[in-house]
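The values are calculated or read from the model by the stated rules, or taken from the named source; none is laboratory data. Everything quoted here is computed from the prediction, not taken from an experiment. Because the Cβ atoms are built from the backbone with ideal geometry, glycine has one as well, and the counts that use them run over all protein chains shown. Side chains are part of the model used for accessible areas, which takes the heavy atoms of the whole protein and leaves out ligands, DNA and RNA. Shrake-Rupley method; radii C 1.70, N 1.55, O 1.52, S 1.80 Å.
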Amino acid sequence: MRARFWLSVAAVLVAGGGLAAADSVIRKWKPVTADELHDPQNPAVPRLQNPAEALSVLPPANAGNQVDWVKALRDGKIQPRTHIDSNTPLRILDSEVIMTRTGDMPYVRFPHRAHTEWLDCSNCHDALFASKIGATPITMLAILQGEYCGRCHGAVSFPLTECARCHNTPKAAAGAVPRRAP
Ligand code: HEC
Ligand code: HEC
Ligand code: HEC
């Protein structure tokens, strides 16, 4: 029952154009004076850089603010500070976890590298996730309610409508990476 519900959610999203190739998408951003976030009466607002100018030079993505931030960082298009104190080193971890409690959907390959290039271990461990494979009872419903991965995805990182960016690993192709129990 539950799996069928999710499959129909996915079908609606796909029908809505969710699978269009990122390259073929024409990207548009509202100017700061019309984004309904800034006060257009404020004389300082027109002096801000517009998102179209800042973001159009970065690699495209289908959703969210239409930038593939992981690629932007890897390609050296942006060089964010590691910390407010610029001498703080990054702690990069290169391991992955295959998450197998995905019903009829492909498995989720969770990459530590792509996260630790932006975040510190303490952003996730151990308040959001125990540092032990399979110990945290993650579900899609909880994620959609803003827990676990949903603390960031849909808020500051790519949105939850991008099913395939997380459900990215066909079950047959999961390989020998450590995995959560089914
Ligand atoms: C930010 C990453 C992420 C995105 C985006 C995402 N999922 Fe998930 N999903 C997960 C994780 C993590 C699990 C739990 C895996 C585990 O516990 O082993 C999960 C579990 C599931 C399950 C298993 C049943 C359940 O309720 O937990 C289904 C079905 C599912 N997702 C469907 C979807 C669909 C459909 C979409 C798009 C609308 C989607 N997911 C988007 C990460 C994601
Ligand atoms: C974006 C969130 C996030 C960040 C940041 C993060 N982790 Fe994790 N970590 C996870 C998730 C999710 C799992 C899988 C948990 C599960 O299977 O229940 C995990 C699993 C682990 C595990 C157990 C699996 C294994 O490979 O042995 C260890 C150890 C671990 N993390 C250490 C770290 C360290 C050290 C850092 C910083 C360098 C870090 N993590 C940063 C989310 C994160
Ligand atoms: C503390 C915040 C945070 C949490 C929690 C978090 N993520 Fe992310 N995630 C990010 C950020 C930031 C990025 C990079 C920016 C972006 O792609 O939007 C990212 C990127 C990713 C990517 C893209 C990797 C690539 O190579 O393009 C995947 C896949 C992903 N996350 C899956 C997950 C899954 C699955 C979970 C839960 C198990 C999770 N994330 C939890 C912040 C988070």
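Observations on the structure shown:
- Residue check for Ser122: touching a helix residue (DSSP H, G or I) at 6+ places or on another chain (Cβ under 9 Å) and of a type in the set (Ser, Thr, Tyr): no
- Screening Asp85 with (1) surrounded by fewer than 17 Cβ atoms within 10 Å (Cβ to Cβ); (2) at pLDDT below 95; (3) out of contact with any Lys or Arg (no Cβ under 6 Å at 6 or more places or on another chain); (4) under 28 Å from Ala174 (Cβ atoms) gives one miss only, at (4).
- Counted residues, region 115-137 - those being within 10 Å of ligand 3 (Cβ to nearest atom), touching a residue at least 24 places away in the same chain (Cβ under 8 Å) and either of a type in the set (D, E, K, R) or loosely packed, with under 14 Cβ neighbours inside 10 Å (or both): 2
- Where Gly103 falls short, out of the listed (1) open to solvent by less than 40 Å² (accessible area, probe 1.4 Å); (2) more than 8 Å from ligand 3 (Cβ to nearest atom); (3) in contact (Cβ under 8 Å) with a residue 40 or more places away in the chain: (1)
- If you check Phe129, Phe110 for being over 15 Å from the mean Cα position of the chain (by Cα) and at pLDDT 95 or above, only one passes: Phe129.
- Sole residue being under 19 Å from the mean Cα position of the chain (by Cα) and near ligand 1 (Cβ under 8 Å from one of its atoms), chosen from Ile92, Ile138: Ile138
- Some residue of region 63-73 being assigned to a loop (DSSP other than H, G, I, E, B), of a type in the set (D, E, K, R), within 10 Å of ligand 2 (Cβ to nearest atom) and open to solvent by less than 40 Å² (accessible area, probe 1.4 Å): no
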